[in-house]
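Some notes on the structure that comes next.
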Amino acid sequence: MQVESLSTNTIGSIHEKNSYITHLPTMERITIRRIRVDPKKVKPFVLAIGKNGNEVYGTPRHKYDWTKSQGPNSGWANVEELAQSISRDGLIHIPLVCSFHKFGYGEDLVAVQGWRRIRASIMNKYDYIEVDYTDDLSPEEAEILSFKENYNREQLSDSEISEFLNRVRKRHPDWTYEKIGEVYGLGGKNPGNRRKVVESYLSHFDFLERHRKDVQRLDISLKKLSRKAIMQIRSAAREIVGEAAMEDYETQILEAFSKTEGKISIGLLCNTLRSQFRRGCPINPTEAVELIRESGVLLGEGKNANKCYLNLFIPPEIASALKKYESANYPDTKKKAALASIILDIIQNFLKREGYI
């Protein structure tokens, strides 16, 4: 493929510059050239693989369709704002465009990084733009770069990340969660943290797959079913009914949550269930919703004001420490002041953890 270069830059060894690609030794060096292209000739990064084409290499982003001006997944307004910025300040961050003709995917130009910027350039009716171009990256290496850029900019939803990592899991069934975390830059340098982060995202995907029909039937927004929310549902179900009956109980929680019309958080619902269970007064999710609605603490402001059940369950180790402290030989005034401070700390930590303050 012939590409006219404005400038050429050779990035050293991938192993030196990008340690997260150590498990993918398909290329040793990358030559990047600055070229001019017609933005309308650049395609989004989606490459079909496999016999039936159901598997893909490509960008993890699917939340928005930048070409749609209307509809629930339209990203048009977002691109329009970016187009105005580019028109005013120019294209500050240069897109990365690749061709995968060396790997049998034709000679199309594909936007590995900066597809939204390219769509904005089309909206501005630019005849050409400058991009960084390489044909040295394999599709999988390009996919890693695309994922890391979007992840580091916090532009991906939990469901997008979960779905993407499941794609990697299917493609590399022999890879451990720690290895996936290392390759895709998740969880930092600590192997245990990498494993935990990847495991939590894949558990999120498995939950959504397991309850796909429930989520559709109850019309629950995926935005509400964040990774944290699903971890809370699974933790509550495991503690209250155990592994064997978890799936049915998870469905009950989803059904109860759908009836709250977003006025009660999943975290509050699950904390209420766990608190009542630990107190020896187990209730079902529907009863928990009613308890939250009827209980007497008013939290929030304006439209978000809700009557919420304030769960102040004190862990056994803290209760034990308080009993020992109560028996200590301190003057009453000092003892009461210190005890009040401990209790206030417990309340404050709870309110912070649940997002009230």
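Read the figures in this text as sums done on the coordinates, not as results from a lab. Model, not experiment: these values are computed from the prediction. Ideal geometry is used to build each Cβ from the backbone, glycine not excepted, and the neighbour counts take in all protein chains shown.
Between Ile92 and Arg34, residue separation times 0.36 nm minus the direct Cα-Cα distance comes to 19.5 nm. Placing dummy labels 7 Å off each Cα toward the beta-carbon, the span from Leu291 to Lys259 is 1.5 nm.
If you plug the beta carbon distance of Glu154 and Ala244 into 1/(1 + (r/R0)^6) with R0 = 35 Å, you get a FRET efficiency near 0.40. Run the Debye formula on the Cα coordinates of the range 143-234, all scatterers equal and no solvent, and tell me log10 I(q)/I(0) at q = 0.10, 0.16, 0.23 1/Å. Values returned for q = 0.10, 0.16, 0.23 Å⁻¹ are -0.26, -0.65, -1.22. In a fully extended conformation the segment linking Glu199 and Glu81 would gain 38.9 nm over its present Cα-Cα distance, using 0.36 nm per residue.
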